[in-house]
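Undergrad: Could you have a look at this structure, given as structure tokens, before my questions?
The values are calculated or read from the model by the stated rules, or taken from the named source; none is laboratory data. The structure displayed is predicted, hence computed values, not measured ones. In this analysis, Cβ positions are derived from the backbone assuming ideal geometry, glycine residues included, and neighbour counts consider all displayed protein chains. Each accessible area value is taken on the protein alone, full model and side chains, heavy atoms only, with ligands, DNA and RNA left out. Shrake-Rupley method; radii C 1.70, N 1.55, O 1.52, S 1.80 Å.
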Amino acid sequence: MSKTLFERICAKEIPAAIVYEDEHIVAFKDIKPMAPTHVLIIPRKPIATLEGATPEDHALLGHLLMKAPQIAAQLGLTAGGYRLVLNNGRDAGQEVPHLHLHLLAGRKLAWPPG
Ligand code: 5GP
């Protein structure tokens, strides 16, 4: 199986502006930001969608979510808040088949989403 785009970013084969990484996850700036701050937080493990996660991924997915406020704090976002988005599947607009959280902040975000 060929690597996903995001696996290649994790492996530093494709450059990205990484803002946080540890042995389980990597966070980097989105190449086409939709807000003043737009960071993608991804597991190193290439899980395509939530349906592809297994019981052994419980801790990994917890870690992904639990790290978001730490990354937000590191980026100075805590006071104004931020939005986390997980596009899961075609109708949600998922383009990259490697699970990822969008962390969006820095402007008033509309609701509901389009
Ligand atoms: P999705 O639509 O799958 O939820 O989000 C994929 C995101 O990946 C998009 O916001 C897109 O701008 C971002 N993206 C696609 N290719 C690259 C890339 O090569 N580098 C970075 N940093 N972001 C990318």
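Undergrad: What pairs come out if I take residues in the range 77-90 that are over 14 Å from residue 37 (Cα atoms) and pair them with residues that are part of a loop (DSSP other than H, G, I, E, B) and among the hydroxyl-bearing types (Ser, Thr, Tyr) whose C-beta lies under 6 Å away, six or more apart or interchain?
TA: 88/49; 89/49
Undergrad: Can you find a residue in the range 68-89 that is over 28 Å from residue 114 (Cβ atoms), in contact with a Lys or Arg (Cβ under 8 Å, 6 or more places away or on another chain) and surrounded by fewer than 17 Cβ atoms within 10 Å (Cβ to Cβ)?
TA: Checking the range 68-89: not a single residue is over 28 Å from residue 114 (Cβ atoms), in contact with a Lys or Arg (Cβ under 8 Å, 6 or more places away or on another chain) and surrounded by fewer than 17 Cβ atoms within 10 Å (Cβ to Cβ).
Undergrad: Hey, could you check the range 104-114 for residues that are away from the ligand (no atom under 12 Å from the Cβ) and in contact (Cβ under 8 Å) with a residue 24 or more places away in the chain and say which is least open to solvent (accessible area, probe 1.4 Å)?
TA: 105
Undergrad: Here's another thing I want to ask about it. Is it true that some residue in the range 82-103 is more than 12 Å from the chain's Cα centre (by Cα) and away from the ligand (no atom under 16 Å from the Cβ)?
TA: no
Undergrad: Separate question: Consider the range 1-57. How many of its residues are open to solvent by less than 30 Å² (accessible area, probe 1.4 Å) and out of contact with any Leu (no Cβ under 8 Å at 6 or more places or on another chain)?
TA: Count: 5.
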